Amino acid sequence: ESHGSLSRDGRTLYFTSNRKGTRGGLDIYKAERRPDGSWEKPVNLGSTVNSRYNEESPFICEDGKTLYFSSFGHDNMGGYDIFCSRLQPDGTWGKPVNMGYPINTTDDDRFFQPVNNGKGAYYSLYSPRGMGLHDIYYMNIYSESNPRPYKIFGTLQTVDGMTDPAMLAIYTVAGETGDTLFAVRPDHHGAFSFTLTQGTYNLHYTGEGYEELTRSLHITPGSDKEGIRLEEMLTRVKEETPAPTAKEEVPADTLEAEEGPAPVLAEEQEITAETESSEELSGETAAAEEEHLAETPAEAGAYADASDHADAPDRQAPGRYWPAMIIIGCGAGFLIFLIVLWRRRRGKER
C-alpha cells in the first residue's frame, strides 16, 4: 500500500495496493469504517478506474464524489498522468478524464491534491523554472461550477483631464438579462480593475456632466488570460441652445416705463425746445384770436377800422390780418385816385 486519502467525514479510505486480485500492478481500493471504528474489507474500484498498469496517489475531494489519481494506463501523454473520475448515481465511478496540459506533461505527474472542493490543488511538478527537480505548486481548477475569472483593467479619461473618482463610475450590466451586476470607480489617475467570467456584458462609462459611453464586452475561452485592457474617453455634454420664441406684445406705456426715455443729443434738445415754444405761441395766438372775435360786434363786418386793431394785444400774430389790411389800403388808394380825378375835371370846367 503506497498511498491513502481519507474522506472529509473520515468514514471512507481510498488507497493503492498491489495485493492479490489487482488488475495490474497497483490498483485503487476503498474501505468503509464501521460505527465501532473497525474497517470493512477493502473493495477494488473496478476496471473503469483501474487499468492493467499502475494507478497511484488517489485523492478524494470534500464532496466525496470527485476522485483525482495518477495512472500509467489511461490515454496518457507521458509516464504517469493525472485523471479525474466522478461517482455516479448508481454508485459506480465514471470514465476517468485526463486533466491535460499544463497539469500533465511528458514526465511522471503524481500527487495532485485537490482543495476547496476541487477548485484548486497542490501539486508536485518538475519545471525548468523550478527551484529543484520537483517543486510544489498551487493551481486553480476551472470548470462550469468554478469558471475562470478574467481580469478587466484599464483607464477612464475625460476630454478635459478631470479624474475625480466621486464623479466617474463604470457600471457592468449582464448582456442576457440586462441586470446591473456591480459598479466600480476609477482612482485619481483614472485607473480601474475588476474581474468577470466568460460571457457577454455591457459596460456603461458615466461621469457627471459627461456623455454616457456604452461598450460591449465579449469574454470567450480564447480571451487573453493575462487580462483584458480597456481605454476609454468621456466627452462633455453638449449644451442645447434654446429655440427663439415669438416676442410677446407689451403695452407702449409699459415698455416706456421699463426701458425709460431714449437719450437725446444736445442739438435735438434745442430743436425740441424751439418746437415746443412755437407750439405754445401758436396756441396762445389762437386763444387770443378767439377772444378778439368774441369781443368785436358782428355788424362791424370784415372791414373793421384800423383803430380797432390797434387795441389788439401785442401777443397776437399780425400775419393773420394782412389780407384785410391790403384790401383796405387798396380801397383807400382807389378813393384818393377818384378824388384827384374829380378835382382835375372840375378845374377844366372852370
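Listed values, structure above:
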{"item": "Phi to ³J(HN,Hα) by Karplus 6.51 cos²θ - 1.76 cosθ + 1.60 over segment 331-338, Hz, x for Gly, Pro", "result": "x, 5, x, 5, 5, 5, 4, 5"}
{"item": "Residue-count net charge about Phe15 - beta-carbon cut-off 11 Å; Lys, Arg +1, Asp, Glu -1", "result": "-2"}
{"item": "Proxy reagent accessibility, fewest Cβ within 10 Å first, across Tyr205, Tyr137", "result": "Tyr137, Tyr205"}
{"item": "Alpha-carbon Debye profile of segment 64-160, log10 I(q)/I(0) at 0.14, 0.20, 0.24 Å⁻¹", "result": "-0.61, -1.06, -1.33"}
{"item": "Lys225 paired with Phe182, simple spin-label distance in nm, labels 7 Å along Cα-to-beta-carbon", "result": "2.2"}
{"item": "Inter-label distance for Thr235 and Met162, nm, one decimal - labels placed 7 Å from Cα along Cα-to-Cβ", "result": "1.7"}
{"item": "Nonlocal amide H pairs with Asp81, under 5 Å, H built at 1.01 Å", "result": "Ser71, Asp109"}
{"item": "Net charge contributed by nearby residues that have their C-beta within less than 11 Å of Lys225 (K/R +1, D/E -1)", "result": "0"}
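Coordinate-derived values only; no laboratory data. Just so you know, these numbers come straight off a predicted model, no measurement behind them. Here Cβ is always computed from backbone atoms with ideal geometry, including for glycine, and neighbour counts include all displayed protein chains.
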